[in-house]
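Everything on this sheet refers to the single structure shown next.
The numbers here are math on the coordinates, done by the rules we state, and not lab data. Since the structure is predicted, the reported quantities are computational estimates derived from the model, not experimental observations. Virtual Cβ from ideal backbone geometry, glycine too; neighbours counted across all protein chains shown.
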Amino acid sequence: MPRLDLNPHSAAALNRLLDQALDLEPSERERWLANLSGEYAALKPHLQDLLSRAAGVETSDFLGTLPKLGAPAE
Amino acid sequence: MSEQGTSLTDLIHRVHDGESGALQSIFELTYDELRRLARNRLQTAGRAGVLDTTCLVHECYLRLATAKKLAVADRIHFFRYAGRAMRCVIVDMARGALRSKRGNGERLLSLSTTICESTSAAEEEVLRVHEALDDLAQVDPRLVQVVEMRYFAGMTEADIATALGVTDRTIRRDWEKARLLLAQALAG
């Protein structure tokens with residue numbers, strides 16, 4: 001499992017950038033990513049990976065319901 | 001200190017006054033009630049029963065509202081705490097079920113390993129989501145609350161928005177971000 005392992009500044013930036021990207025149409029996100037530079041460039045691969053999962057998460061209703069659990073032993 | 005005779009509304013007000021012990025007492029009260037209700041429900045429904053956490057949380061609220069004197073005005077605060085308690089109940093149940101299955105699995109290993117593996121997928125998903133929430137807290141602690149209330153407690157976006165004092169739109173966006181981050185974490 002890839003750990004985020006971000007410092008507080010990077011974590012806040014990731015949160016803010018993800019909001020910006022999700023405000024855009026999916027077709028506009030690639031160009032938006034390409035224009036990221038400066039202090040945000042290091043987050044680009046991470047954001048790209050996250051955004052690439054958006055359609056799949058939506059269509060599969062990822063985590064939409066809690067799975068059925070077995071009964072624990074008494 | 002025993003909180004047996006203390007009303008839930010008093011405890012909530014003490015949390016607002018900054019008393020950390022009161023928060024622990026609310027958690028314990030809610031956890032114990034949810035755990036008891038969940039186990040009763042599974043015993044009634046049998047091993048194949050589906051745990052409707054939405055119903056459990058509402059039933060827990062009604063029971064505690066009566067038994068522990070919870071004021072109607074504090075209803076939204078209860079639901080804020082219920083998400084965390086429901087997460088702990090579900091995680092403990094998943095760990096217990098996994099231990100049980102792995103115990104049976106050792107005996108069944110010569111017959112079929114695939115059966116045991118497939119029936120553990122639900123518990124493993126729950127435990128991996130639980131562990132990945134530590135990473136989400138780095139990005140925004142509210143994402144963790146939203147996952148606890150939405151995924152573990154089955155609350156609606158409108159109820160979560162009311163409990164957290166934000167708009168429905170904010171909760172939808174939080175849920176969208178949380179799912180992307182969890183999809184990435186669980187894919188690794």
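At-a-glance table
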{"item": "Label point distance in nm, A:Phe62-B:His13, each placed 7 Å from Cα along Cα→Cβ", "result": "4.5"}
{"item": "Shielding of B:85-97 by partner chains, average beta-carbon count, 10 Å", "result": "2"}
{"item": "Gain upon complete extension [B:Asp168, B:Ala67; 0.36 nm per residue less C-alpha separation]", "result": "33.2 nm"}
{"item": "In order through the range A:31-44: 3J(HN,Hα) via Karplus (6.51 cos²θ - 1.76 cosθ + 1.60), integer Hz, x for Gly, Pro", "result": "5, 4, 4, 4, 8, 6, 8, x, 5, 8, 4, 5, 8, 4"}
{"item": "Spin-label pair B:Cys55/B:Asn40, simplified geometry with 7 Å Cα→Cβ offset, distance in nm", "result": "1.3"}
{"item": "Electrostatic dipole magnitude of the protein assembly as shown [Cβ: Lys, Arg +1; Asp, Glu -1; Cα centre; debye, to 20]", "result": "600"}
{"item": "Stokes-Einstein D in µm²/s, Kirkwood radius over Cα pairs - the range B:6-46 at 37 °C with 0.692 mPa s viscosity", "result": "292"}
{"item": "All Cα pairs of chain B, percent lying beyond 26 Å", "result": "38"}
{"item": "Part-to-part distance (alpha-carbon centres) for the range A:26-73 and the range B:130-188, which is given in Å", "result": "13"}
{"item": "Cα→Cβ-extended label distance, 7 Å offset, between A:Ala34 and A:Ser52, nm", "result": "1.7"}
{"item": "Shielding score for A:57-66, defined as the mean number of other chain Cβ atoms within 10 Å", "result": "5"}
{"item": "Computed [θ] at 222 nm, deg cm²/dmol, chain A (DSSP H ≥ 4; -39,500 (n - 2.57); rounded to nearest 500)", "result": "-16000 deg cm²/dmol"}
{"item": "Approximate shape of the protein assembly as shown as ellipsoid semi-axes (Cα gyration tensor, √5λ), whole Å, largest first", "result": "33, 27, 15"}
{"item": "Among A:Gly38, A:Thr65, A:Leu17 the positive-end extreme of the charge dipole of chain A (Cβ point charges)", "result": "A:Gly38"}
{"item": "Sequence ranges B:155-167, A:35-47, ranked by mean other-Cβ count within 10 angstrom, highest first", "result": "B:155-167, A:35-47"}
